[in-house]
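Notes follow once the structure below has been shown.
The values are calculated or read from the model by the stated rules, or taken from the named source; none is laboratory data. Just so we're clear, the structure is a prediction, and the values are computed from it rather than from any experiment. For neighbour counting, all protein chains shown are included, and Cβ atoms are generated from backbone atoms with ideal geometry for every residue, glycine included. Ligands, DNA and RNA are stripped out before the accessible areas are found, and what is left, the full protein with its side chains, is counted by its heavy atoms. Shrake-Rupley method; radii C 1.70, N 1.55, O 1.52, S 1.80 Å.
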Amino acid sequence: MSQYFTSESVCAGHPDKVCDQISDAIVDALFAQDPHSRAGVETAVTANRVVLMGEVNTKAKVDFEAIARAEVKRLGYDLRELEFHHEDIKVDVLIRQQSAEIAQGVDDSGEGEGAGDQGMMFGYASNETPNFMPLPIELAHRLTCRYDELREDGTLPFLRPDGKAQITVEYKDGKPAGIHHVVSAVPHDETVGLEDVQKALYEHAIQPILAEYNLSIDPSKQFVLNGTGVWHFSGPAADAGLTGRKIIVDTYGGYARVGGGAFSGKDCSKVDRSGAYAARYLAKNIVAAGLADKAEVSLAYFIGAHRPVMQEVETFGTAKASPEEIKTFMDSLLDTSVHGIIEGLDLRRPIYKQTAAYGHFGRTNVPWEAVKAAGK
């Protein structure tokens, strides 16, 4: 019997992703000047308005408004008819000093840094794709990234910023067996008809990407574009955005459990972020080493905690080694104290804005995606 699973990704110009990228651009700017900066920055956007909120503790001197305007421009919002133009936006900066009570728990007290928040984090990996991600979210990310590339490089200049891609994968006996549906929502100029946009996206994005995985669809039956039939007015003026509202897109597309906290706008002392990265690193290495076909690592901390109060791994009956061997392997890979994660993965760097679109996992250029031999 077939089973089906659907995951969604969003383009970089989606209102929530605009917020994530502004927030992480601020984190990167702080780290570029002061690697020991702390930040919890939230962004909200609507018609020609950007609101920056949150707390920082840093020696860096940063122009928050200039960063917001630069990101809005980079993301393609240069059409005034969309009512969100990088020159017209009003930017409210409501960023304050970090709470002394939080700082007290995070500061190194001689035992190492403490967690900047409480909560649980999960990391997942599967051998169903080369980068150890579930196939539905992997394909969805590939499509949204390609849609943006086609707009930015001028191949399809009629596309507008914003958009989504949703993939339904058919599974048989727990393995991907085909594509059931591709659903996309992509805004475009009024001068181009929906059928022409659909044909162009299939030809330039969907067909070649699916072919890389030896997959295909019948576009006349299995590809739905813009379900209402029309989408021209896109971006924050059409739909307000907030930082941290796409945690399923950011992680595993709903295929695996996720913690309660978002990532963007937070420095690495916030275990919502660094703990999730550590859990993915451990899970990916377990699968890459052939110790299991699937792995989910779970961690939990309380604010001020130096070490996790929980560290477990679930292999869903696919383990090729004993639980003791897998635990020893994990321990050889990474110290999951807050200090151990930050130092072991070298997280005090301006590397975060790149993660704020198309997912935080399955990449090739971030430290938590490295495959590392045990003990090395």
Checklist outcome for this item: Descending packing, highest mean Cβ count within 10 Å first, for 60-69, 154-163 is 154-163, 60-69
Item to check | Extension reserve of the residue 195-residue 153 stretch, reckoned as 0.36 nm per residue once the Cα distance is removed | outcome: 13.0 nm
Checklist entry - Summing -39500 (n - 2.57) over the DSSP H runs of n ≥ 4 in the chain and dividing by its residue number, what mean residue ellipticity at 222 nm do you reach, to the nearest 500 deg cm²/dmol? => result -9000 deg cm²/dmol
Checklist entry - What is the Cα centroid distance between segment 331-376 and segment 203-267, reported in whole angstrom? => result 24 Å
Checklist entry - By the gyration tensor of its Cα atoms, with a ≥ b ≥ c the square roots of the eigenvalues, what is the shape of segment 1-90: rounded for a/c under 1.5, prolate for a/b over b/c, or oblate? => result oblate
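What do you get when you divide the Cα radius of gyration of segment 183-244 by 2.2 N^0.38 Å, with N the number of residues?
Rounded to two decimals, the normalised Rg is 1.31.
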Item to check | Fluctuation leader among 365, 127, 57 - the chain, Gaussian network, Cα springs under 10 angstrom | outcome: 365
Checklist entry - Stokes-Einstein D for the chain at 25 °C, 0.890 mPa s, Kirkwood Rh over Cα pairs, in µm²/s? => result 114 µm²/s
Checklist entry - Per the 1.4 Å probe, what fraction of the accessible area of the chain, in percent, lies on carbon and sulfur atoms? => result 50 percent
Next on the checklist: Taking every DSSP beta bridge with both residues inside the chain, roughly what % is antiparallel (nearest 5)?
Outcome noted: 80 percent
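How large is the accessible surface per residue of the chain, computed with a 1.4 Å probe and reported in Å² as a whole number? If you can, show how the numbers build up before the last one.
On the way: 15660 Å² over 376 residues.
On a per-residue basis, the chain sits at 42 Å².
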Item to check | Residue among 246, 284, 320 with the largest mean-square fluctuation in a Gaussian network model of the chain, springs linking Cα atoms under 10 Å | outcome: 320
Checklist entry - For residue 213, what accessible area in Å² do you get when you roll a 1.4 Å probe over the heavy atoms of the protein chains, rounding to the nearest 10? => result 50 Å²
Checklist outcome for this item: Reported to the nearest 10 Å², residue 364 has, with a 1.4 Å probe, an accessible area equal to 140 Å²
Item to check | Virtual paramagnetic centre 7 Å along Cα→Cβ of residue 180, amide N under 18 Å, in segment 242-267 | outcome: 253-256
Item to check | segment 244-376, dipole about Cα centre (Lys/Arg Cβ +1, Asp/Glu Cβ -1), debye to the nearest 20 | outcome: 500 debye
Checklist entry - Taking the highest mean first, how do the peptides 75-82, 19-26 order by number of other beta carbon atoms within 10 angstrom per residue? => result 19-26, 75-82
Item to check | Sequence ranges 324-332, 133-141, ranked by mean other-Cβ count within 10 angstrom, highest first | outcome: 133-141, 324-332
Checklist entry - Want the number for residue 325 to residue 65: 0.36 nm per residue separation, take away the alpha-carbon distance, what's left? => result 88.5 nm
